[in-house]
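To keep things clear, I will list the structure first and then write my remarks on it.
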Amino acid sequence: MTPLIALFVFHWYPLILAICVFGVSLGIAAYSTYFERKIAAFLQDRLGPNRAGPYGIFQPLADGLKMFMKEEIIPNVSNKFLFILGPSIGMFTSLITGAVIPWGPNIRYHGESLPLQVADVNIGVLYLLGVVSIGVYGVMIGGWASNNKYSLIGALRASSQMISYEVAMGISVVTLIMITGSLSTSQIAAEQHGFMNEHWLTWNFFKNPLTFFIFFICALAETNRTPFDLPECETELVGGYHTEYSSMKLGFYLFAEYVNMFISSAVMSLFFFGGYNFPWMDKIHDPNMLALAGTCVMFAKTLFFIFVFMWIRWTIPRFRYDQLMNLGWKILIPLSVINLVATGFLLWGTGKL
């Protein structure tokens, strides 16, 4: 390996990949706003955005420009440092979660195998759970620093909702770890290779579908999406925790929600539906072609789950707050514990634990 290639492989490649993941996350989040409005318009029998460019395709750019150009307002009674810190934490935590997700099989470059994953840490699952937990601080700090009772109540609702559903999500992830035997996201993807192995389906969804459904409901709650969008209830709390925010600080909160939805969809694809794996992938012998096909499959699965997120938002009515808490504490947590114990007994009985 020449020094120039070694410099690229060991120093520049991870940086370039991180920038690509960062740009793709922002791009998909921006255009998720456009497609969500189009899907909502279709379900409500109207046109949706159609003024900015052909079919309204430039609407996300117009929205972003509007956010940048709007007047920046920071209330005099707020804590200015924390007022700025809140949306910054929300945006930062949503973007760094994509670092441990393997977006495709390894590519080959001058004989070297390069992963399509920014950081292949052996505790990637714990990293994801830890970063998601930090995200709640952005909401709570923003709501408290606004010095507004609606913002504070919205922040309390959001934080209690996220913490409540993190318990069931964490237990479902522990169940998944028991099935796969690894905390590494790349290892979890590798163990779901292809689609079938020895006449048995390899994707984790088919091994334990209940774990996926618990994780999926918790992901809806974690991203504050309908029917769990209580933190920003317009009829009760005005805008919720971001009532006092304007300009790009408000944009950060709104944008972080869509980035979280994108990352949650990617994580569900990875944990339960094989990630970049697909049937008959072994018939492709060129590693770079396999990486290209695997990456396309990974994004197709992710975009499908983003569509499901949007479909649910514009179809299912929202819960009351007591119904939200009952579902979390009285149904999902006991169900996830029972699922964990049953999975443990099943693995022990089959000699895999």
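The values are calculated or read from the model by the stated rules, or taken from the named source; none is laboratory data. All values derive from a computational prediction rather than experimental measurement. Glycine also receives a Cβ, built like all others from the backbone with ideal geometry; neighbour counts cover every protein chain displayed. Accessible surface is based on the protein model in full, side chains and every heavy atom, while ligands, DNA and RNA are left aside. Shrake-Rupley method; radii C 1.70, N 1.55, O 1.52, S 1.80 Å.
Based on C-alpha pairs under 8 angstrom that are at least 6 apart in sequence, the stretch 201-344 has a relative contact order of 32 percent. The spread of Cα positions in the chain, taken along each principal axis and listed from longest to shortest, comes to 61, 53, 44 Å. Sequence-distant contacts, meaning Cα pairs under 8 Å at least 6 residues apart, place the relative contact order of the chain at 23 percent. Anisotropy class assigned to the stretch 53-191 is oblate, per the alpha carbon gyration tensor with a/c at or over the 1.5 cut-off and a/b no larger than b/c. Take the chain and mark each of the GluC sites (Glu not before Pro) that is in a DSSP loop with at most 16 other Cβ atoms within 10 Å; the longest unmarked stretch, sites excluded, is 199-353.
About the centre of its Cα atoms, the chain shows a dipole size close to 380 debye [charges on the beta carbon of Lys, Arg (+1) and Asp, Glu (-1) only; nearest 20 debye]. For the stretch 8-106, trypsin sites (Lys or Arg not before Pro) are listed when DSSP marks them as loop and at most 10 other Cβ atoms sit within 10 Å of their Cβ; the list is Arg46, Arg51. As a calculated quantity, the FRET efficiency between Trp200 and Leu340 at R0 = 25 Å, using C-beta atoms, amounts to about 0.70. What are the lysines whose alpha-carbon lies under 28 Å from the alpha-carbon of Lys38, with same-chain residues fewer than 8 places away excluded? Within the straight-line cut-off, Lys38 pairs with Lys66, Lys70, Lys249, Lys301. In this simple spin-label approximation, Ile177 and Phe22 carry label points 7 Å from Cα along the Cα→Cβ vector, and these lie 3.0 nm apart. For the stretch 116-207, list log₁₀ I(q)/I(0) at each q in 0.14, 0.22, 0.23 Å⁻¹, using the Debye formula over Cα point scatterers of equal strength and ignoring solvent, two decimals each. Evaluating at q = 0.14, 0.22, 0.23 Å⁻¹ gives log10 I(q)/I(0) of -0.66, -1.05, -1.10. Structural size metrics of the stretch 1-132, computed from C-alpha coordinates, are Rg and Dmax of 20.2, 61 Å. Computed from backbone phi, the HN-Hα couplings of the stretch 257-268 come to 4, 6, 5, 4, 5, 5, 5, 4, 5, 5, 5, 5 Hz, rounded to whole numbers (Karplus: 6.51 cos²θ - 1.76 cosθ + 1.60, θ = phi - 60°; Gly and Pro given as x).
Specify whether the C-alpha gyration tensor of the stretch 172-312 places it in the rounded, prolate or oblate class, a ≥ b ≥ c being the square roots of the eigenvalues: rounded for a/c under 1.5, otherwise prolate if a/b is larger than b/c and oblate if not. Prolate, because a/c is 1.5 or more and a/b exceeds b/c. Solvent-accessible area per residue in the chain equals 50 Å², computed with a 1.4 angstrom probe and all protein chains kept.
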